[in-house]
1. For the range 458-574, what is the relative contact order in percent, using Cα pairs closer than 8 Å and at least 6 residues apart in sequence?
2. Mind checking Rg over Rh on the range 326-380, alpha carbons, Kirkwood formula for Rh?
3. Would you kindly state how much longer the chain becomes between E108 and S170 on full extension, computed as 0.36 nm times their sequence separation minus their alpha carbon distance, in nm to one decimal?
4. What's the angle, to the nearest 10 degrees (0 to 90), between helix 532-548's Cα axis and the longest principal axis of the chain?
5. Given labels modelled 7 Å from the Cα in the Cβ direction, how far is it in nm from L486 to L787?
6. Using a basic spin-label model with each label point 7 Å from the Cα along Cα→Cβ, how many nm lie between R419 and H321?
7. When the helices in the chain are scored as -39500 (n - 2.57) per DSSP H run of 4 or longer and the sum is shared across all residues, what 222 nm value do you end up with, to the nearest 500 deg cm²/dmol?
8. Working out 0.36 nm times the residue gap between S612 and E439, then minus their Cα-Cα distance, what length gain in nm do you get to one decimal?
Amino acid sequence: MVRLRRYSVAIGSVALVLCLKLSARQFLGEGVPFLLFFGAILLSASYAGRGPAFLATILSAAVANYFFVVHVYGPSLVTPGAIQTTVFVLEGLVIAELIVRWRKSEAESHLQTELLRTTLLSIGDAVVATDAEGRVTLMNPVAEGLTGYGQEEAEGKPLDDVFRIMDETSRDVLANPIRAVLATGEPAGLANHTVLLSRDGTEIPIDDSGAPIRGPKGVLEGAVLVFRDITERRKAARELVESSRRLASVLENIGDGFAILDKEWRYVFLNEQAAKIRGRPRHEFPGTEYWQGIQDAPSLTSYREFHRALEESVSVHFEEHSTGDGTWYAVDAYPSPEGLSVFIRDVTATRRAAEELRVSNERFRRLYEANLIGIMFWTVKSGVLDGNDEYFRLTGISRKEFHERGGIRFQELTPPEFRERENQVVQSMLATGTSGLYEKEYAHRDGARIPVMMGLALLDQARQEGVAFAMDITDRKLAERRFRQLADHAPVLIWIAGTDSLLHFFNKPWLEFTGRAMDQEIGSGWQAGVHPEDLNRIMALYLVSFEARQGFRVEYRLRRHDGAWRWTLVDGRPIYAISGEFEGFIGSCVDITDRRNAEEQLERANSALQRSNEDLRQFAYAASHDLQEPLRTVSLYSQLLAKRYKGQLDADADQFIDYTTSSATRMHELVRDLLAFAQAAEGPAAAEGLVSSGDVLERTANGMQLDAAGATVTHGELPAVAVHVQHLGQLFQNLIGNAVKYRGIEAPVIHVSARRDAGSWVFSVKDNGIGIDPQHHARIFGIFKRLHRQEYAGTGIGLAICSRIVERYGGRIWVESEIGKGANFQFTLPAA
Ligand code: ADP
C-alpha cells in the first residue's frame, strides 16, 4: 500500500505536469518539452523515494516525447528528439538520486541530533558543553539540577561561573578541568575529594571528567564536562569501610580463631586468636602454607576435611584433637571461589564439661539402677513421678499398679504420725533446696512398717520438682534396739554423745540411778545431777578430750535418786563408724563410793602402819646407839670380873659371872641383828646399776671362813641384777651361814643357782643340812622365830632380814625342805 501510494505520487506528479503543460501550451509554446517534468522528478524524489523518482523520470521522458517532441521533430529513431530524451532521462536519474541521498542524510542528521538530545536529557550524569573559550553552550537537566543554573541562564557564561568546585578537606577553590582540557586538548579528570558548590551553597561531592570536542578537521571546538553526584557512592564507600572495619573487629574479637586461605593453602588473613592457636606470632603467617610445620599433616582430619571442602565445594565441620597439649578444637571451614574460610574454636572446656556431665549422669544412673537406696522423682503438684526398683520395694506398690494409677501422692504411704513432720520437712526443703536427713516409716502394702532414712533435694525451684532418697534402715533400727536392750541390761550406767558433744542417750540403769526421765537428761540436762564442786572440772576435761578425740577417766559425784551423792568413775571413749568417721563419745559409769571408802580405810591403815614402822626404826636406832653403850659396859665389866676373880670366889659366883658374860654377848648379838633388820629397809631407794651376783656371792663366801667349817659353796651361772651390793651380800651371807649352821653329819655342800621366770630371777641356795619340817616353812621368816633354840646359837632374825630385803625389791622368799633332806631357800629379784 505504502509503495503504491509512493508510486502514485510519481504518476500523479507526471500527470499533473502533463496537464499543466497541455493546458498552457499556447502560453509556453512547444519548446523545452522536458523542463517542467523536472518538477515531477523533484517532487517524487523528495517525497516518494528513489523508485518513484526513477519511474517519474521514465514516465516524464515517455510522455514528453509523445506529446511534445514528436510534434516538434517528427517520428524518427535518431532524431534530435531522441537525443534530448536520453539526456533528460540521464539528468532526471542523477537529480533523483541526488535528492534521495540528500533527503536521507538530512533525515539521519535529524535523528542523530534527536538521539543526542534525548540521551543528554535522560542520562544520569550531568553534562555541560562549552565552546573553545570555555563558555557554556549546553547543559543537561542533571547538570542544571546540580549546579542550580538553568540552561538559558548559563548559556554563554564562563564555565567557572556555574561550575564552582573546591577540595573537600582543604576547602581550596579548584580550577575546573575544562581549562586543562582546552589548554592541552587532552581529556582530564578531577582530583579526588572534590565538592561542587551549587548555587544555593550546597556542597555536593562529585566525580567528573572532561573531554575535548573537535570539529570535522580536528579543530578544537569546545569541551564537554561530565560529572556526577557521588554522595551516595561516598556513603556506600564509607559504609563499606565501616562495615569491613566492623567485620575485622568482629573477626578479631569473636574469640574463635579465623583464617582465610587461598586455593594453594596459603594464609591470606588470620586473626590473633588463630595465630595463638597455631603458636606463632601473627605476622609470620601471611603467605605461608597452612600445612607448613604440621607434622604428618595428611593423616589429620583437618587435612582430609579441608580438601573435601575445596574439592566438593561444601562447608565442613569437625572436631580435632591437638596432639601437643591435648586441646580439642571445633573447626568449621567454608569454601569460596578464592579459597577457604576457617573458624577454629577451643572446645576443650565444653567437651570436658560434656564428658563430666556424661560421667556424672552415668554415675547417677548406676546409683539409680544399683537399687542400694530407693530413689524417686517427684513434683509438688503431681507427687511421685517415677522411682527405681528399690523405691517400689520399700513402698510395696508394683510398678504396674503405679502406672495404672498414674502416680502416688507424696504422703500417701506415710503413716499419719509422720505426716506433720514430713510436711515441715517438705516446706523447709522448698525454701532451702535440701531437707537434710530425716527418719520416717513407710506404710508398706503388706501392712508392715519399713523404717527409712529420707533425704529430699529440689532440682527445679520453678517447677517445684526434685529427687528423694530413701534408705531402708530396718537393720540399723534392729541393731539399735539390740544395743538398747544390751545397754539397758548392762551393770553400768551408759551415756552416748553425738558429734556435737551433746548427750543423746542414757541407758535404763542410768535413768534408774538418777531417777530422772530421758527427756530431762539428754542434751545438757544430765549436768543438773552433777555435784556443783565437780561440774567445772569434769566439763573442762570432757570438752578437751572430746576435741582431741581422746578417751578419759574421771571420778565425780552424781546424785542418786534418793538425793545421796555417789562417787562415780566415768570412762569415756570416742566412737567411730566402720568407715572410720568420728561419731561421738560413749561413757560408762560405775558407782565407786564403796571402793573409795575402802581405799580411804586402807590409806588410814597404811599411814598408821607407816607411823609404827617409823617408831620401830627409831627404836632400832635407840637400841643401836643408846643400848649398845651400857651393854658394852656390862659386857666389859663382866669379862673383867671373870678375869680377876675367877676361881677366887666360890663356884656359884664363877657360874654367875659366866651367865652374865654370855648374856651380855648374846644381848649384843641381838641388838646388832635387830639393827641390821631395821636397816634392811633403809639405804638408797634404787640401786645405782647392775651388779654381778656371781661376784657378790664369791666375795661374801670368801669372807666367811668356810674352809674352817669344811663347807664348800658352788654356783651355776648367775645374772647381773639391779640390787645394792650390801643387800645382795647380806642375803647370801645369812642363807649360807644358816646352811653351815644347820649342817647334817656330812660336810656342808651349798649350791647357788638362778633361773629366769618371766620378769624375775629366781635364786636358789640349796644345802644338804638337817632340813625343816614343812609345817614350819612359813614361820621361820618371822622375826625371832627359831626352831632350834637350845642346840644352835642364833637370834632368829637372819631370815626376817632376808625377807625384808627381798620384799624391798618387790620379790618374795620361801623354802622347800623336809627334815633330813636339806633345805632349798629360794628368792626372786627383778630382772633388769
Ligand atoms: P637363827 O638362825 O638365828 O635361829 P634364823 O632366822 O636365821 O635365826 O633362822 C630361823 C630358824 O630357821 C632357825 O632357828 C632354824 O631353826 C631354821 N633354819 C634356818 N636355816 C636353816 C637351814 N638351812 N636348815 C635347817 N633349819 C634352818
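1. This gives 15 percent for the range 458-574.
2. Taking Rg over the Kirkwood Rh, I get 1.36.
3. Gain on extension, E108 to S170, equals 17.4 nm.
4. Roughly 50 degrees between the two axes.
5. 5.7
6. The modelled label-to-label distance comes out at 5.8 nm.
7. On the way: 28 runs with 382 residues, N = 832.
-14500 deg cm²/dmol, from helical runs alone.
8. Extending this stretch completely gives an extra 55.5 nm.
Bear in mind these aren't lab numbers, they're just calculated from the coordinates by the rules spelled out. Please read all numbers here as calculations on a predicted model, not as lab measurements. Ideal geometry is used to build each Cβ from the backbone, glycine not excepted, and the neighbour counts take in all protein chains shown.
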